[in-house]
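Novice: Quick one: this structure, given as structure tokens, is what I'll be asking you about.
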Amino acid sequence: MRSVEEHQQVVAGLVRARAAVTMAPGDALGLVLAGDVVAGLSLPGFDNSAMDGFAVLATDIAAASAENPVTLPVTDDIPAGRTDTQPLKPGTAQRIMTGAPLPPGATTVVPVESTDADFSASAAQVQIRAATKDGQHIRRAGEDVAAGTTVLRAGQRLTPAALGLVAALGLAEVSVLPRPRVLVMSTGTELVAPGTPLLPGQIYESNAVMLAAAVRDVGAEVIASTMVGDDVDTFLAALAAHAGQADLIITTGGVSAGAYEVVKDALGGQVEFVKVAMQPGMPQGCGRVAGVPIVTLPGNPVSALVSFEVFLRPPLRAAMGLPADRPRITATLAEDLTSPAGKRQFRRGVLGFEKGQAVVTSYGPPASHHLRWLASSNCLLDIPRGVDKVAAGSQVDVWDLSTS
């Protein structure tokens with residue numbers, strides 16, 4: 001049997017990053033920059049007021065206090081967005097709003113709270129009851145970003161704050177590593193769509209829903225999520241309908257050793273079907289169909305999702321420039337466990353902390369159809385191949401599923 005590590009390398013060799021694309025910042029959340037972002041302008045772009053108040057000369061109000069206010073005529077009104085400010089004359093004030101451009105000649109802003117002004121209406125004069133220093137309550141041009149500064153680096157993930165900065169710099173597009181486009185296909189004549197009455201021998205389709213969600217959780221794009229029966233012609237027709245739009249095809253089911261293995265029957269010669277020394281998820285396959293990489297996963301739901309975690313999540317994340325692996329920690333095992341010695345076992349578990357130490361307990365049976373237990377677990381215990389018993393108190397490797 002092929003080792004997990006060998007199959008990981010084969011699959012990783014199939015999944016490649018797409019060429020960088022440009023897109024609007026509003027569409028780029030969570031993507032990784034393909035190039036540096038250099039500021040083409042300064043932020044702020046002009047000196048502006050940090051407060052609602054009055055623009056004045058600091059020397060004119062140096063002696064102002066509550067007991068001895070300084071009264072100045074108000075000669076102009078400056079709302080945010082005004083583009084035609086007039087110079088401030090000594091001995092006068094101009095009413096100014098937060099973010100509005102500072103008039104030429106002004107050296108400070110007095111907050112409205114330090115005056116007698118009712119800011120809901122303009123007034124001919126204002127009493128200033130506290131002095132402010134030169135430069136106080138003024139945002140200087142370029143104090144956040146100077147034009148020509150590299151503000152974001154290639155390889156940086158675009159967060160809401162980063163996208164806000166991109167927009168503030170007036171950039172209509174950014175160059176990013178795009179999301180891989182993934183086709184998900186679930187196979188099996190026994191499958192019916194949720195909401196449809198079941199006949200004897202039928203089950204509700206869950207793998208396509210589950211794997212499409214896993215693809216989106218990684219950050220990739222699902223172009224289609226389809227369900228087909230165990231008929232080669234139907235399978236190939238569904239594949240042909242969508243494969244041309246995909247960077248990767250994922251199938252589930254139809255890869256075991258029984259009869260009616262539709263994926264094997266349809267893709268023999270194009271896909272290498274192998275047994276991987278792991279539990280769950282032994283039957284695997286990968287190759288190319290019409291030039292498009294395809295990875296064929298087993299049909300049992302736990303096998304399918306664990307296989308996605310082990311083989312597909314890392315290269316899909318890497319193709320987008322994101323950290324590939326789940327966080328991995330060493331935890332103390334709370335119970336005795338057995339494992340098939342010839343296989344690397346990925347056991348569902350619950351990870352917690354006791355007195356600051358990581359402790360893990362296996363959760364549910366190891367069989368590949370027990371989806372309920374995987375849905376309620378928060379980690380995978382990684383038991384190495386060649387180990388058949390692990391004693392309580394041992395240190396074990398754990399994949400933390402609760403974080404990316």
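Novice: Student exercise: in the chain, how many lysine pairs 8 or more apart or on different chains have Cα atoms under 29 Å apart?
Specialist: Close lysine pairs found across the chain: 7.
Novice: Please work out the Cα center distance from the stretch 252-279 to the stretch 385-401, rounded to the nearest Å.
Specialist: Centre-to-centre (Cα) distance: 30 Å.
Novice: Hey, what did the stretch 328-400 get for relative contact order, percent, Cα under 8 Å, at least 6 apart?
Specialist: Rounded, it is 49 percent for the stretch 328-400.
Novice: When DSSP assigns beta bridges and you keep just the ones with both residues in the chain, what percent turn out antiparallel, to the nearest 5?
Specialist: Close to 65 percent.
Novice: Here's another thing I want to ask about it. Only one of the listed values, [x] 95, 53, 44; [y] 56, 53, 39; [z] 65, 44, 43, was derived from the coordinates as Cα extents along the principal axes in Å; which label is it?
Specialist: It is the one labelled [x].
Novice: Another question, if that's okay. Could you tell me the center-to-center distance, by alpha carbons, between the stretch 59-95 and the stretch 115-178 in angstrom?
Specialist: The distance from the Cα centre of the stretch 59-95 to that of the stretch 115-178 comes to 22 Å.
Novice: For the stretch 293-299, take each phi angle, set θ = phi - 60°, evaluate the Karplus expression 6.51 cos²θ - 1.76 cosθ + 1.60, and give the result in whole Hz per residue in order, putting x for glycine and proline.
Specialist: Listing the rounded values in order: x, 9, 10, 9, 9, x, x Hz.
Novice: Among the trypsin sites (Lys or Arg not before Pro) within the stretch 300-357, which fall in a DSSP loop and have no more than 14 other Cβ atoms within 10 Å of their own Cβ?
Specialist: Answer by residue number: 355.
Novice: Also, quick follow-up: Can you pull the percent of the chain's accessible area that's carbon plus sulfur, 1.4 Å probe, other chains left in place?
Specialist: Heavy-atom surface of the chain belonging to carbon and sulfur, 1.4 Å probe: 53 percent.
Novice: Using Cα-Cα distances under 8 Å and only pairs 6 or more residues apart, what relative contact order does the chain have, in percent?
Specialist: 16 percent
Novice: At 1.4 Å probe size, with every protein chain present, just tell me what the per residue accessible area of the chain comes to in Å².
Specialist: 45 Å²
The values are calculated or read from the model by the stated rules, or taken from the named source; none is laboratory data. All of these numbers come straight from a predicted model, not from anything done at the bench. We place every Cβ from the backbone using ideal geometry, glycine too, and count neighbours over all the protein chains shown. Accessible surface areas use protein heavy atoms only, side chains included; no ligands, DNA or RNA. Shrake-Rupley method; radii C 1.70, N 1.55, O 1.52, S 1.80 Å.
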